[in-house]
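Taken together, the values in this text are just the output of simple stated rules run on the coordinates, not laboratory data. Treat the numbers as computed from the prediction; the structure is a model and nothing was measured. As a convention, Cβ positions derive from the backbone with ideal geometry for all residues, glycine included, and neighbour counts pool all protein chains shown.
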Amino acid sequence: MKTTLRLDRYLSQATGMPRSHALTHVRASHVTVNGAVVRDVAKHIAADTDEVLLNGVAVRPFRHLVLVQHKPPGVVTSTEVGASQTVMELIPPDLQHRDLAPVGRLDRDTSGLLILTTDGALNHRLTHPKRHVDKVYIANLARELAPNAEDRLARGIILDDGPTLPAKLERLGPLTVKLTLREGRFHQVKRMMVALGSAVLQLHREQVGGLKLPDDVKMGETRALTEDEVALLVGGGDGEA
Ligand code: URA
């Protein structure tokens, strides 16, 4: 099926400019479609075949952005500008887009893998509670967990907002654990560890779905995911919804 959309919407989606700016450019004869100046913003553009130029520069059809960020501690997962630095401010200028939103959130003091996307359907798919997308965390604990912690987590533990889904615990050392959760509730890892008798001193997310934090994305860096990486990301849940 051929996808068409209005010229002003095409320009706005492709460049991130408001539709009112797109209108101004079109009215000022800055835009050509397949070589001819078009002054009608309602003209329908076939995204895959029409060639649109703005001031002589090709405007390519919009493709959703899916970014991976290695979030440092101290940065807030928010799209609101405030006193603290946000994850949005770590996105390089060439990857900025007004529709980018974080997929779920990491606490200010948590580091690691954060996905950001313009694709609302993908965001929903990765965060919907019934999708059960795995999230893998490394936690440094204040106290060693009791020997029955693995069993308790596998059975699910009761938090103040209800029982948790079964989670997997691996001990990487006396005070370091790897925890795999299939849900993403507020402060969930910290609350689960407190329920088992220990505060979390440091928390790092190393995987979402089948995607591990890529080695080349250093702390504070953000880059676009490849198509293969996006496939890993969405391949990691049980798909129930
Ligand atoms: N669980 C937490 O407690 N904090 C996070 O940032 C992520 C999961």
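Can you compute the charge dipole magnitude of the chain about its Cα centre, using +1 on each Lys and Arg Cβ and -1 on each Asp and Glu Cβ, nothing else charged? Give it in debye, rounded to the nearest 20.
Result for the chain is approximately 420 debye, rounded to the nearest 20.
What nm distance separates the two modelled labels at residue 215 and residue 94, each placed 7 Å from Cα along Cα→Cβ?
According to this spin-label approximation, the distance is 2.4 nm.
Where does the chain land at 222 nm, in deg cm²/dmol rounded to the nearest 500, when only DSSP H runs of n ≥ 4 count, each adding -39500 (n - 2.57), divided by all residues?
-5500 deg cm²/dmol
If I take R0 = 35 Å and measure r between the Cβ atoms of residue 19 and residue 165 in this structure, what FRET efficiency does the formula 1/(1 + (r/R0)^6) give, to the nearest 0.05?
0.25
Subtracting the Cα-Cα distance from 0.36 nm times the residue separation, let me have the gained length for residue 34 to residue 128 in nm, one decimal.
29.7 nm
Given H placed 1.01 Å from N in the peptide plane, which residues other than close sequence neighbours of residue 85 have an amide H under 5 Å from its amide H?
For residue 85, whose amide H was placed from the backbone, the distant partners under 5 Å are 76.
Within the set of other residues whose C-beta is less than 15 Å from the C-beta of residue 139, count the net charge using Lys and Arg as +1 and Asp and Glu as -1.
It works out to a net charge of +2.
What's the center-to-center distance, using Cα atoms, between the stretch 1-40 and the stretch 173-241 in Å?
If we compute the Cα centre of each part, the gap is 40 Å.
Would you kindly derive the ³J(HN,Hα) couplings of the stretch 207-218 from the backbone phi angles with the Karplus curve 6.51 cos²θ - 1.76 cosθ + 1.60 (θ = phi - 60°), listing them in order in whole Hz, with x for Gly and Pro?
Result, ordered by residue: 7, 10, x, x, 9, 8, 4, x, 4, 7, 8, 7 Hz.
Express in nm, to one decimal, how much length is gained between residue 144 and residue 44 on full extension, taking 0.36 nm for each residue of separation and deducting their alpha carbon distance.
Additional length available on full extension: 29.7 nm.
To the nearest whole percent, what portion of all C-alpha pairs in the stretch 137-217 is separated by more than 21 angstrom?
24
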